[in-house]
Every structure is written in structure tokens, then in C-alpha cells.
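The values are calculated or read from the model by the stated rules, or taken from the named source; none is laboratory data. Only a predicted model underlies this, so the values are computations on that prediction, with no experimental measurement involved. Reconstructed Cβ throughout: ideal geometry from the backbone, glycine too, with neighbour counts over all protein chains shown.
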Amino acid sequence: MSREEIFERLNLVFRDVFDDDSLTVGESTTAEDIDDWDSLHHISLLAAIEDEFDIEFSMGQTVKMKNVGEMVDYIAGEL
Amino acid sequence: MSITSFQFILFVIVSVTIYRIIPAKLQWVVLLIASVIFYISFSVVGIFVLIATALITYYFAIQIQNQKDMLSSWMTAHKALATKEERKEKKEYYGKKQRFYLILAIVINVFILFLCKYYGKLSINLNHTFHVNIWTAENIILPLGISYYSLQLIGYITDVQRDVIQAERNPLKVILYGVFFLSIMQGPFNRYETLMPQICRDKKSKLDFVTAKKAILRILWGYVKKKCIADQVGILVNEVFSNYRNYSGSAIILATFCFAIQLYADFAGYMDIMAGIGQLFGIEIPENFHQPFFSRKISEFWQKWHISLGAWLKGYVFYPVLKSHVFKDFGKWLTQTVSKEAGRNIPTYVGMLILWTLIGTWHGAGITYVFSVGLLQFFYIFMGKITAPVSAKVKAALKINEDSLGWHVFQSCRVTVLMMFAWIFFNSPSMKDAFGFIGRIFCGGINVSQVTQIFTEGSALAGISGAIFMFYILLCAVILVCVDLIHEKGVSIRDSAISRGYIAECVLFFTLIFALIVFGAYGSQYNPSNFIYFEF
């Protein structure tokens with residue numbers, strides 16, 4: 001799967017979790033850029049991404065990822 | 001060795017001087033010796049508990065690392081020939097062993113923490129309630145900083161297991177991580193991966209004149225917060241909280257407001273002192289406060305108050321609990337049987353309840369702590385979440401501009417009042433006293449004579465007239481708010497003064513010194529109190 005395709009599917013997940021159809025994430029998007037992306041939403045988001053791509057984030061990854069770009073790197077590596 | 005004593009200042013000067021003279025490779029040894037001396041000045045027995053805990057954690061971290069290395073060697077050797085199933089089998093085999101050592105280390109750390117901090121009170125309560133005669137652990141000491149170093153060591157070994165860091169091969173460095181004197185008393189919680197590389201350098205960090213000036217100004221500001229604000233305001237707070245039955249209405253509300261000032265100035269003041277000393281050593285310790293009283297919501301307040309505790313619990317408790325199979329299965333079951341929304345939210349709320357109970361319990365074994373900074377905070381956040389849709393409709397109907405300054409001020413005041421209410425329980429010896437204290441708010445109304453009385457009694461200790469003392473307390477609150485407002489705008493007062501040249505620097509420096517000498521709480525009638533969070 002190409003990086004663009006991952007982003008495309010990832011955007012759908014973000015829009016669903018944060019209930020915002022206009023949301024578009026990029027390589028450098030962080031929790032600071034999305035109002036509701038707090039620790040409560042973080043786990044829901046990761047769970048939704050895990051379901052979407054049929055992967056599992058380790059605890060190390062859960063706390064280490066600094067932006068969406070790193071998230072995509074991890075997803076691409078797992079697929 | 002009290003942080004506010006002359007001995008401590010001398011201790012810091014000597015430590016920094018030696019640290020800066022000797023070669024980089026030995027600097028961590030100076031910090032280790034200094035930290036042990038500092039610790040022993042409070043508790044000789046406690047240091048043995050700390051060293052034993054650190055060595056146990058060190059040993060299990062090495063065992064985990066060995067399992068990782070063995071797996072890695074096997075993978076390298078069999079990469080080409082092994083099937084996917086064989087690789088999975090090996091990963092599971094070594095993974096199980098790693099989890100075993102991790103759980104064992106966590107259990108031992110938690111057991112020691114429980115035995116030293118909670119068992120005594122719990123056993124006494126059990127004996128009293130059920131008329132039994134179980135061991136009450138009267139001779140067990142409470143080692144200084146155990147609530148901090150236990151969690152830090154658990155964080156360290158968990159990070160080794162998570163591949164965030166490599167296990168440390170030198171046991172003395174793990175002991176240093178536990179006993180590090182800038183964090184041992186009241187935090188902040190340091191992560192091994194950020195603290196230790198700053199301490200164990202190959203190359204010396206240079207202390208330039210500007211950094212030294214910034215550090216000294218920050219230390220002075222920390223002492224001003226502690227000695228001139230927290231301790232002075234504390235005189236009034238202690239008087240009213242200890243004798244609340246003698247006061248009512250406005251006097252009680254005033255004491256509640258003053259406790260918020262005292263707690264903030266005390267805790268944040270300590271952090272400023274430690275962060276400033278850290279700068280002198282070339283070590284950046286994590287910030288624990290970020291203008292918390294400007295928060296719009298309680299959840300935001302906790303992202304800006306005692307930040308490092310929240311970050312620790314989030315990374316090592318909240319996320320692992322929510323990512324556990326039990327919670328995932330629970331969420332899936334709710335999605336199938338109730339709704340997608342329920343499957344997403346309910347496990348999160350249960351995780352939050354566990355988290356807040358732990359935060360409350362971490363502060364102490366008493367129910368007042370579990371309630372005030374635990375369950376009540378959960379209730380605030382939970383109510384905020386579930387009433388959000390209704391709240392949005394009300395705001396839309398009233399045409400409230402959420403970005404307006406007025407609305408922000410209203411929200412910040414609401415957060416402050418909610419926290420002040422919670423801190424009544426935090427600062428009361430029992431729930432009965434807390435409710436008694438709250439009950440007194442509704443008696444008496446505005447009672448000018450009582451307010452005058454507490455200021456007069458407080459001022460007798462401070463050695464000034466009641467009217468001046470009242471003005472002084474008000475001034476303290478205004479100063480704290482103004483400084484935070486400036487910081488909120490992204491302006492550093494220290495940096496601004498230094499960038500404006502020597503005159504501005506000197507004005508700031510001597511103002512702080514003058515405040516410390518003139519307004520600091522000293523003298524024979526003054527009983528120097530410890531930092532509030534020192535107890536935890």
C-alpha cells in the first residue's frame with residue numbers, strides 16, 4: 001500500500017473518531033493541531049487505526065509516536 | 001537539610017563548583033555523591049531502602065535486556081532459514097520471560113511502596129474497624145521521596161521492556177536516577193531517556209554567564225514564591241483550617257482562596273528552585289506547571305498542574321490499561337451489544353476512574369486525598385464530557401462567543417472555584433472536618449470582624465498590622481496572576497530583563513533579594529514549614 005493510500009484511509013479514521021468531516025491530517029500533524037486529540041481520544045484513535053489496518057500498536061509505539069508521519073511509518077512497516 | 005536553609009544553598013554552591021571543575025566523565029559521580037549526602041541529611045535508614053529498590057530494578061532490567069539480546073541474536077542467526085511461525089514462537093517465548101521479570105520488578109516496587117506508605121494506616125484502620133490485632137508496622141519508616149523514586153524506577157524498567165531504552169549496565173547510575181536530589185523530594189518525574197543522557201555526558205556542558213544569571217533569577221523567584229507568598233499566606237490558612245469552628249462565611253471562603261495561592265506558590269516555587277539549580281548543572285528538568293489557573297476545563301487544568309505526574313500515569317497506567325485485552329474485549333462487546341459510541345467511551349471512563357483513584361491514592365492513604373484529587377476530579381471531568389452536547393446547545397442558544405476573553409475568564413474562574421472546593425478536602429484532616437468546614441461557609445455571611453480578626457492574628461506572627469497584611473495577601477494574588485499572564489503571552493520576565501541590559505537585570509535581582517529579606521517569613525515566632533508536597 002502506498003503512503004498516499006495510507007493517508008487516505010487514515011483521514012477517514014480521524015474524521016470518524018473526531019467527528020469532523022473536514023479534518024485532513026498530514027505528515028507533521030500532532031495532537032496539538034486537533035482540539036479534541038487528548039489522552040482520552042488517543043487510545044480510541046489507535047484502536048480505530050488498528051481495526052482499519054489490521055495491525056497492533058505496541059505500548060512502546062503508543063507512547064513514542066510524535067506525529068502522524070511517524071504513525072504512517074509504523075503502519076507502512078507493519079503492512 | 002531544608003531547601004530554604006543556608007546549608008542547602010552552601011551545599012548547592014559546593015556541588016556546582018566541584019561538578020564544573022572535574023572532567024565530564026566523572027560529573028555523574030559528583031551528582032551521585034551530592035544526592036546521597038542530601039538524602040542522608042533527611043534519612044539514613046531510608047537510603048538503604050532506596051538503594052535496595054534501585055538494585056532490584058537494575059537486576060531485573062538487565063534480565064529483560066538479556067532476553068531481548070538473545071532474541072535479537074537468534075533472529076540474526078536464523079533470519080534466512082526460520083519460518084514465520086518459528087519467529088513468532090521465539091518472540092513469544094522471550095516476550096513471556098521479559099513480561100515475567102517486568103511484572104516481578106513492578107510487584108516488588110509496589111510492595112515496598114505499599115508497606116512503607118500505606119500499610120501502617122490501613123492496618124490501624126482494620127484493627128479499629130474489625131476489632132482484630134494484625135501487625136501495624138509501627139517500626140517501618142517512610143523513606144523520603146518513595147512515592148517519586150518507586151514510580152520512576154517502574155517507568156525505567158517498563159521503558160527497557162518497551163524498547164524505549166537499553167538497560168543500564170552500571171548499577172550506580174540506576175541508583176543516581178532514583179536518588180537524584182533535584183527530583184527526590186517533590187518531583188518532577190523524570191524519564192530515564194531524557195534525564196540520564198544529560199547527566200552522563202562525554203563532553204562537558206558549558207555554563208555561560210547568561211545561563212547562570214537566568215538560573216539564579218529563577219531560583220530567587222522560587223524562594224520568593226515559597227518564603228514571601230506561600231509561607232505568609234499559610235499563616236492565615238493554618239489559622240482558619242485548624243480552628244474552622246471559630247470562623248464562618250467570608251472568613252472561610254477567604255481561607256479557601258488563600259490555600260489555592262499557598263499550594264500553587266509552594267509547589268511551583270519549589271519547582272522553580274530545582275529547575276534553576278538544574279540549569280547550573282546544565283540539566284534541564286521537566287516543567288511541572290504551565291499557568292494552570294488559566295485553564296478552561298478541569299482536564300486542561302491537570303495538563304498544566306503537576307504535569308509530570310499526569311504524564312507518568314498516562315504512559316505507564318492509563319494507556320496500558322486501555323490497551324489491555326480485557327478493555328479491548330469489553331469495548332468490542334459494548335459496540336456489539338449497545339452502540340459504537342458506548343464501545344468507545346465506556347472503557348475510557350472506566351480507565352479514567354482507575355487513573356484518578358490512583359492519583360488520589362498516590363497522594364496519601366487517607367480518604368480525603370482519594371476523594372479530593374482523585375474521585376472528585378474524575379466526577380468533574382466525567383460530568384464535563386457527558387454534559388458537553390447540552391452545554392454546546394446552551395452556548396449556541398445564548399450566542400456565547402467561545403473565543404471571547406469574557407468567556408475564557410468565566411471558564412478559568414469556574415475551574416479555580418472547582419479546584420478550591422476540592423482542596424478543602426485535600427487540606428482537611430478528615431472528611432468530617434472537610435464537611436464541617438464547608439458547612440461553615442453557609443453560616444455568618446459576610447463577617448468583617450472575623451476577616452479582620454484572622455488578618456490581625458496572622459499579622460501578629462508576621463509582625464505587621466492587620467490592614468497591611470490584608471493588602472499584602474491581595475498583592476501576592478495579583479503578582480501571581482500577573483506573572484502567569486505574562487508567561488501565558490509567551491514572554492519570559494527573566495529573559496526580557498537580561499536582554500535589556502545590566503540595569504534591568506540588577507533591578508530584577510535586587511527586587512527579588514529585597515522581597516526575600518523584607519517579606520520572607522522568618523523570625524523566632526515563625527515556624528518554618530516544609531513544602532506541602534514534601535509529605536507525598
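For region A:34-49, taking the residues that are in contact with a helix residue (DSSP H, G or I) (Cβ under 9 Å, 6 or more places away or on another chain) and more than 9 Å from chain B (Cβ to nearest Cβ), the one that is farthest from B:Lys297 (Cα to Cα) is identified as A:Ile49. Screening the candidates A:Glu52, A:Glu78 for the property of being surrounded by fewer than 17 Cβ atoms within 10 Å (Cβ to Cβ), in contact with a helix residue (DSSP H, G or I) (Cβ under 8 Å, 6 or more places away or on another chain), among the charged types (D, E, K, R) and modelled with pLDDT of 90 or more yields one hit, A:Glu52.
Out of all the residues in region B:398-418, is one or more without any contact (Cβ under 8 Å) to a residue 40 or more places away in the chain, more than 14 Å from every other protein chain (Cβ to nearest Cβ), farther than 28 Å from B:Phe111 by Cβ and of a type in the set (Lys, Arg)? Yes, that holds for at least one residue. Among the numbered conditions (1) under 18 Å from B:Ala215 (Cβ atoms); (2) touching an Asp or Glu at 6+ places or on another chain (Cβ under 9 Å); (3) not β-branched (Val, Ile, Thr), the only one that B:Ala24 does not meet is (1).
Screening the candidates B:Leu322, B:Leu334 for the property of being closer than 20 Å to A:His41 by Cα, in contact (Cβ under 8 Å) with a residue 24 or more places away in the chain and in the same structural domain as B:Met419 (by TED's automatic domain parsing) yields one hit, B:Leu322. Where helices (runs of 4 or more DSSP H) fall wholly inside region B:152-252, the ranges with 2 or more residues that are more than 30 Å from B:Phe437 (Cβ to Cβ), under 20 Å from the mean Cα position of the chain (by Cα) and in the same structural domain as B:Phe281 (by TED's automatic domain parsing) are B:209-223. Mind checking which residues of region A:20-59 are in contact (Cβ under 8 Å) with a residue 24 or more places away in the chain, assigned to a helix (DSSP H, G or I) and not polar (S, T, N, Q)? Once the filter is applied, which keeps residues that are in contact (Cβ under 8 Å) with a residue 24 or more places away in the chain, assigned to a helix (DSSP H, G or I) and not polar (S, T, N, Q), region A:20-59 yields A:His41, A:Leu45, A:Ala48, A:Ile49, A:Glu52, A:Phe53. Considering region B:317-391, the qualifying helices (runs of 4 or more DSSP H), each wholly inside and each with 3 or more residues that are within 14 Å of chain A (Cβ to nearest Cβ) and out of contact with any His (no Cβ under 9 Å at 6 or more places or on another chain), run over B:319-323, B:325-337, B:340-363, B:376-386.
Is one or more of the residues making up region B:397-406 out of contact with any helix residue (DSSP H, G or I) (no Cβ under 6 Å at 6 or more places or on another chain), in a helix (DSSP H, G or I), in the same structural domain as B:His306 (by TED's automatic domain parsing) and among the basic types (Lys, Arg)? No, every residue in region B:397-406 fails to be out of contact with any helix residue (DSSP H, G or I) (no Cβ under 6 Å at 6 or more places or on another chain), in a helix (DSSP H, G or I), in the same structural domain as B:His306 (by TED's automatic domain parsing) and among the basic types (Lys, Arg).
So which of B:Gln411, B:Gln377 is surrounded by 14 or more Cβ atoms within 10 Å (Cβ to Cβ) and more than 30 Å from B:Lys121 (Cα to Cα)? Just a single option satisfies the conditions, and that option is B:Gln411. How many of the residues making up region B:327-374 are among the polar types (S, T, N, Q), under 24 Å from B:Phe421 (Cα atoms) and at pLDDT below 90? Number satisfying all stated conditions: 0. Evaluation of B:Leu50 against the conditions (1) crowded, with 19+ Cβ neighbours inside 10 Å; (2) more than 21 Å from B:Pro171 (Cα to Cα) shows that the sole unmet condition is (2). Count of region A:65-75 residues, restricted to those that are touching a residue at least 40 places away in the same chain (Cβ under 8 Å) and either surrounded by fewer than 18 Cβ atoms within 10 Å (Cβ to Cβ) or small (Gly, Ala, Ser) (or both), is 2. Is it the case, given these coordinates, that A:Thr62 is surrounded by 14 or more Cβ atoms within 10 Å (Cβ to Cβ), hydroxyl-bearing (Ser, Thr, Tyr) and within 14 Å of chain B (Cβ to nearest Cβ)? Yes, satisfied.
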